[in-house]
1. Which order, highest average first, do 15-21, 34-40 follow once you tally other Cβ atoms within 10 Å for each residue and take the mean per peptide?
2. Is segment 29-68 rounded, prolate or oblate when judged by the Cα gyration tensor, a ≥ b ≥ c being the square roots of its eigenvalues, rounded requiring a/c under 1.5 and prolate requiring a/b larger than b/c?
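Derivation of every value follows stated rules applied to the coordinates shown; laboratory data play no part. Note that this is a predicted model, so its numbers are computed, not measured. Cβ placement follows ideal geometry from the backbone for every residue including glycine, while neighbour counts extend to all protein chains displayed.
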Amino acid sequence: MSQLKSRIKPFDISKREVVEAWEEVRSNKGAPGVDGQSTADFEKDLQGNLYKVWNRMSSGSYFPPPVRAVEIPKPHGSRAIAKFVDRALVQVS
């Protein structure tokens with residue numbers, strides 16, 4: 001991840017932005033996503049996973065799957081649960 005910007009990708013997303021988004025998601029210490037992937041799972045191949053996220057976003061080939069609505073007792077109603085990696089992608093966009 002030494003190169004910060006790519007000149008061959010259609011979307012100008014830096015690798016640094018992806019790393020910062022990952023750090024934000026990790027700092028939230030949330031539960032695994034609907035896909036069951038945890039922070040620890042993602043970190044097993046952190047550099048490879050961050051590269052895949054950056055590559056898919058900057059090339060325009062990332063399309064988030066639908067989220068699953070789950071009833072979680074909250075003061076303001078239920079919430080949808082996204083896949084773990086989608087939380088990081090939301091931080092970038």
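1. Going by the mean number of other Cβ atoms within 10 Å, highest first, we get 15-21, 34-40.
2. oblate
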